[in-house]
Each structure stands twice: as C-alpha cells, then as structure tokens.
1. Need one number: nm distance between label points at Arg34 and His61, each 7 Å from Cα along Cα→Cβ, rounded to one decimal.
2. Given the peptides 40-47, 90-97, arrange them by the average over their residues of other C-beta atoms within 10 Å, most packed first.
3. Taking the chain as the reference, fit the longest principal axis to its C-alpha atoms, fit the long axis of helix 256-266 to the helix C-alpha atoms, and give the angle between the two in degrees, 0 to 90, nearest 10.
4. On a 0 to 90° scale, report how tilted helix 153-172 is relative to the longest principal axis of the chain, with both axes built from alpha carbons and the result rounded to the nearest 10.
5. Within 10 Å of each candidate Cβ there may be at most 14 other Cβ atoms; applying that plus a DSSP loop requirement, which GluC sites (Glu not before Pro) in segment 9-104 survive?
6. If R₀ is 22 angstrom, what is the calculated FRET efficiency for the pair Ser329 and Asp42, using the beta carbon separation as r and rounding to 0.05?
7. Take the alpha carbon atoms of segment 280-308, find their center, do the same for segment 147-174, and report the distance between the two centers in whole angstrom.
8. Test of understanding: what is the full-extension gain from Met1 to Asp50, defined as 0.36 nm times their sequence separation minus their Cα-Cα distance?
Amino acid sequence: MGKIALVTGVTGQDGSYLSELLMDKGYTVHGLVRRSSSFNTDRIDHLYEDPQEPERKLFLHHADLADGVGLVKLLRAIQPDEIYNLSAQSHVRVSFDTPLYTGDITGLGALRLLEAARAAELDTRFYQASSSEMFGSTPPPQNEETPFHPRSPYGCAKVYAYWSAVNVREAYGLYAVNGILFNHESPRRGETFVTRKISRAVARIQAGLQEGLYLGNLDAARDWGYAPEYVEAMWRMLQADAPDDYVVATGETHTVRDFCEAAFRHADLDWMEHVRFDPRYTRPSEVDDLIGDATKIRRILGWKPEVGFTELVGIMVDADVRRLEDELSGRLVRIDR
Ligand code: NAP
Ligand code: F7E
C-alpha cells in the first residue's frame, strides 16, 4: 500500500508541484481546496481524474484553514501518513491590507491544523511551509540559527506558525518540521508576485499587447530558486529519521532590477524602455536582502538546487511566451511543467 498525504494549498504553485511529485512516488494525495466563486484548480486540473475512476490517486476536499472542526473531521476521514501545510494568504504586500485575516489563516491556521492532527489522534508527520520572510531585516546570509525580525504581517504570522510547529514537536513529540524556504518561482507562480509579473509582461510587450510595466522597489534582493526542486526538499524533510528544521535556498542573490534586465534581454528587449515606477507597489516596511545558507539540508538530506538564476528567468519567460501564443491562437492553454 502506498502512503497517504494531505496537501493543504494544493491549488497553489507549490501544492501542484508537490502533488505531482507525491503521485509519481505512489502516494494517494488528498488536497484541501477552499470554496471559490470561480474555478481555482487550474494548476492541478491536469492531475485530476474522473471521480468515478476507482484507481484514482488524487482526491479533493472542500475545507478551509479558518474552520478547525472541519479540519478534524477531514483528518479523521483521511488518516494521512504525512501532512503538508502549504495553505496561506501568501502575498506580502496584501498582508499589509489584510493583517488580521493573514494572521488568522497564515499564522493561527497552522496551529488549527496541528491541533486537528492531535485531536484526531493521528500517527502522522507534519510539514509547515515556513518562509525566509521571517528573517526580515536580519542581515544575510541567513541559516537555521539566524534570529527572526519579520517586516510584514505575513512574516509575523509565519513566525507564529513556525514556533507552533516547534512547540508541538517539543511538547507532544509530534513529528513536525519547518522548511524555511527562500523565494522559489516557476511558470505556475501567481501573476502578482514580481518574477511572474515581469515574465508575463515581457511576453505581452514582445507581442505588442502592452507597452509599459509598473513596478515598485527595484533594489530589493532575493534568493530565487526553482519551485519543482523545492518541493523535493519538503518531501525529504518528512522522510528523515528525526524531525528538524531546514533552510532551503540557492545561496545566490539578485535584485528585482537584475531580474528585469535578464527577462527583457531573454526576449531581445531593453528593460529601461519599458519599466516604470509606481509607489503603489512599494511596502510600508521592506525586506531588503535575503541570501539563504542551505548547508544543513545539503549535508544531512543531500538536497541541492540545480537550476540557476539565468536558467530560471529563461524558463519563466519562455513559458509565458508559449502560454500567450496558445491564448492568441485559441488553443487550449497548457500547464507548463
Ligand atoms: P500560493 O500559490 O499563494 O498558494 C497558497 C495556497 O493556499 C493556495 O492553494 C490557496 O488557495 C490556499 N489558501 C489560501 N487561503 C486559504 C484558506 N483560508 N484555507 C485553505 N487554503 C487557503 O503559495 P505558494 O507559492 O504555493 O507557497 C506555498 C506555501 O509556502 C505558502 O504557505 C507560502 O506562504 C509558503 N512559502 C512560499 C514561498 C515562495 O517563494 N513561493 C517561500 C516560502 C514560503 P487558492 O488557490 O484558492 O487561493
Ligand atoms: O516581491 C519587490 C517587492 O511579492 C519580491 C512570497 O512567496 O516570497 C514571496 O514574497 C520583491 C519585494 O515576493 C514589485 O517589494 C518590486 O521586495 O515577488 P514578491 P516576496 O515579497 O519576496 C517569500 C519567501 C514568501 O514566503 C511569500 O509567500 O519584489 N517588488 N515591484 C515587487 N513585488 C511585487 N509583488 N510587485 C511589484 O510590482
């Protein structure tokens, strides 16, 4: 019998790649989907099978991290061997507009799920999607020993969730781990995160559909990796002999300006002719510089990143160019792996 996993946030960037990885490894995957007035399963539609198919490996359930009792009922029904908590209000800029909601879902939501696992009396392993945003203004390089100094309601909520997972591990012996992941991107990245906003705009500008691209702070520096590789790190953390917390990063940093230059250059365009400043996209407090030190996961779990910055930019621009060509020609839009 293959293992059973529950993936919250299954409709997001990471949830879709993680589900693919787990299904390839023979898992049965149960995904938590929140109710939406429009379709929100685009990223996993290619994985979903006919509900009448008896051998299917992906099951979707309506639930929400706001609804603790629903989580207990779901866990009792599924009895997962592994739980990956990827659900969050994950947009840092938006967290300044919705700080209490972000605290409730991104912070307290993680504890609801941990407590639900305890209430359901499961023998399970728990992965918490922690974030480099917890380091905030603490200077780089950042590793597992670096103190947290979050700079947004999102970062504060992730710190709460981080310590909730550590506390449940220490207090009750639950196998709970934090993956402290630095920014990771892909063609499935949400369209309002800066990398995807840029790659999508490059495709549209190249096709003559858009002239300018409005951005905020170009000086912010991020350690950007490739999302499909980062979900492998999540899985490895839950296969280890003992639970522990790990930084996942490339160890390289680039500014938003560097990303613009590289993305426009990839399409033979000059970014200076198209990128303009709009203060609406700046943040009340910013995280200036992130560089992850992933020595621990490399040493203990043997994980290391392969896709570098220029390759990542190329993957994202090429995917958006193809996607736009599909849209314009009326073909079905492919989900790019
Ligand atoms: P994402 O694309 O924004 O996906 C977030 C997921 O959470 C979506 O499936 C979303 O559902 C779901 N969700 C939101 N509110 C919910 C609620 N109230 N109840 C249940 N589900 C809810 O994020 P991602 O990039 O895949 O990141 C996955 C996780 O890793 C998140 O927790 C994020 O904060 C964290 N993280 C991300 C990065 C990164 O660079 N990507 C780095 C570090 C940590 P809808 O599809 O319906 O919106
Ligand atoms: O911003 C700057 C912005 O929104 C990156 C989430 O996945 O990674 C992500 O958070 C930088 C910031 O990602 C625009 O000010 C400039 O300095 O793509 P982002 P993020 O805030 O780093 C972490 C690790 C997570 O955990 C989060 O869930 O780019 N920037 N101009 C802009 N950012 C956006 N979104 N839009 C702009 O126009």
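The values are calculated or read from the model by the stated rules, or taken from the named source; none is laboratory data. Values in this document were obtained by computation on a predicted structure and should not be read as measured data. All Cβ positions, glycine included, derive from the backbone under ideal geometry; neighbour counts span all protein chains shown. For accessibility, only protein heavy atoms count, side chains too; no ligands or nucleic acids. Shrake-Rupley method; radii C 1.70, N 1.55, O 1.52, S 1.80 Å.
1. In this crude label model, Arg34 to His61 measures out at 1.8 nm.
2. 90-97, 40-47
3. On a 0 to 90 degree scale, this one is about 70.
4. 30 degrees
5. On the way: sites: Glu20, Glu49, Glu55, Glu82; in loops: Glu49, Glu55.
Those that pass, being in a loop and sparsely packed, are Glu49, Glu55.
6. With a Förster radius of 22 Å, E is 0.70.
7. Segment 280-308 and segment 147-174 have Cα centres separated by 18 Å.
8. Full-extension gain reported as 15.5 nm.
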